[in-house]
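A short worksheet on the structure shown next.
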C-alpha cells in the first residue's frame, strides 16, 4: 500500500518567509502620536503677577445641575448676537444653579 504525503509550504518558515509578518522575538515599538501643529498653540504670559487670565475664545463656563462645569462646544462658531444672548441666559442660569447648590450644601 502506498501513502501520499502532502506538504504545506506555509508551515515551513524557510520555504515561504513573509517579510510583513512579525517575529515573536522582535519587540514591537509603540505607535507615536502625530506632531501637533505649531500655529494652534496659545501661549499665556503670566509674568505681570496677575493670577487671572481671560480665555474668551473658549466661551463661558456652564454650571451643570450636579455642580460640574462644562463649556459650549460651538462657541467659536456663534455670531456676536448669539454670544450676547447666550452669555445673558447662561449667567442667570449659573447664578440660580449656584444658589441651589449652596442651599443644598448648607442644608446638609
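Bear in mind that the values in this text are calculations on the coordinates, not laboratory data. Remember, it's a predicted structure, so these values are computed and weren't measured experimentally.
For the reader, a short list of remarks on this structure follows.
- In terms of its C-alpha gyration tensor, region 57-100 comes out oblate, because a/c is 1.5 or above while a/b does not outweigh b/c.
- Full-extension gain in nm, residue 99 to residue 48, via 0.36 nm per residue minus C-alpha separation: 15.0 nm
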